[in-house]
1. Could you tell me which of the residues Leu177, Leu111, Leu200, Leu132 is in contact with a strand residue (DSSP E or B) (Cβ under 8 Å, 6 or more places away or on another chain), over 22 Å from Gly40 (Cα atoms), open to solvent by 20 Å² or more (accessible area, probe 1.4 Å) and among the aliphatic types (A, V, I, L, M)?
2. What number of residues within region 118-133 are closer than 27 Å to Val87 by Cα and acidic (Asp, Glu)?
3. For Asp69, state whether it is surrounded by fewer than 24 Cβ atoms within 10 Å (Cβ to Cβ), farther than 20 Å from Val176 by Cβ, touching a residue at least 40 places away in the same chain (Cβ under 8 Å) and touching a helix residue (DSSP H, G or I) at 6+ places or on another chain (Cβ under 6 Å).
4. Output the number of residues of region 191-222 satisfying the condition of being modelled with pLDDT of 65 or more and in a loop (DSSP other than H, G, I, E, B).
5. Any chance you could count how many residues in region 72-91 are more than 24 Å from Ile203 (Cα to Cα) and surrounded by fewer than 17 Cβ atoms within 10 Å (Cβ to Cβ)?
6. Can you go through Ala51, Ala63 and tell me which one is under 15 Å from Leu159 (Cα atoms) and open to solvent by 10 Å² or more (accessible area, probe 1.4 Å)?
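The values are calculated or read from the model by the stated rules, or taken from the named source; none is laboratory data. Predicted model only: the values in this text are computed from it and were never measured. Positions of Cβ are generated from backbone atoms using ideal geometry, with glycine treated the same way; all protein chains shown enter the neighbour counts. The accessibility values were calculated without ligands, DNA or RNA, using every heavy atom of the protein model including side chains. Shrake-Rupley method; radii C 1.70, N 1.55, O 1.52, S 1.80 Å.
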Amino acid sequence: MPPPGPLRAALWRSSAMNWSLLEPRPPGKRWLVAGLGNPGLPSTRHSVGLAVLGQLARRLGVADGWARDRRCAADLALAALDDAQLVLLRPRRLMNANGRSVARAAELFGLTAEEVYLVHDELDKPLGKLALKLGGSSRGHNGVRSCISCLNSSAMPRLRVGIGRPTEPDTVKAYVLGCFSAAEQELLPPLLERATDLLLDHIRERSQGLSSGFNIHEHMPA
């Protein structure tokens, strides 16, 4: 089903939106991509999922097409990918409650957990490494845990973006909530490009019914 009236109107007001994108889609032709993070802190390591989503919006030509939806407490943008539709979502709730925004948007757009992509930071992978995981546990990530709880499912595909882990365990919180260093920031542009490529390639394959269902690990370039 298409989104109900108020959401449809809010999205239509955005100049980047096209009315045809809001028409009903068959299963596997509409996907929600949520960048997990903390609103107002887009430059921190913990919010690197939001940075990937920003790059994805630019690649798809909808960087100026965000529309706020109060019912799911998030910013939304719609984009076409071949004959499929992507719903991009930036939660306006804190990381620990991101799942409430994701689950509400999934409900509004009639999507199952398997049609919801989560993009988030990963402490146990070095900066520059990506992995696309299909389902599974939260691995201690509070944003993913919130999504699993609110969607009542662990089936969501997740793009895990490595940020590295500090050597001192008691500095983890400050580390993830801190900004990338100057040296790390130089690595971000190509990382965001590769993350976007990985997401789009996987969604295209699934839209065409070609995905094998195996986890995809993309190693750092030499």
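1. The conditions single out Leu111.
2. Within region 118-133, residues that are closer than 27 Å to Val87 by Cα and acidic (Asp, Glu) number 2.
3. Details: surrounded by fewer than 24 Cβ atoms within 10 Å (Cβ to Cβ): yes; farther than 20 Å from Val176 by Cβ: yes; touching a residue at least 40 places away in the same chain (Cβ under 8 Å): yes; touching a helix residue (DSSP H, G or I) at 6+ places or on another chain (Cβ under 6 Å): yes.
It is true that Asp69 is surrounded by fewer than 24 Cβ atoms within 10 Å (Cβ to Cβ), farther than 20 Å from Val176 by Cβ, touching a residue at least 40 places away in the same chain (Cβ under 8 Å) and touching a helix residue (DSSP H, G or I) at 6+ places or on another chain (Cβ under 6 Å).
4. So in region 191-222, the residues modelled with pLDDT of 65 or more come out as 191-210.
Retained after the next criterion (residues that are in a loop (DSSP other than H, G, I, E, B)): 208-210.
Counting residues in region 191-222 that are modelled with pLDDT of 65 or more and in a loop (DSSP other than H, G, I, E, B) gives 3.
5. Residues in region 72-91 being more than 24 Å from Ile203 (Cα to Cα) and surrounded by fewer than 17 Cβ atoms within 10 Å (Cβ to Cβ): 0 in total.
6. That would be Ala51, the only listed residue that is under 15 Å from Leu159 (Cα atoms) and open to solvent by 10 Å² or more (accessible area, probe 1.4 Å).
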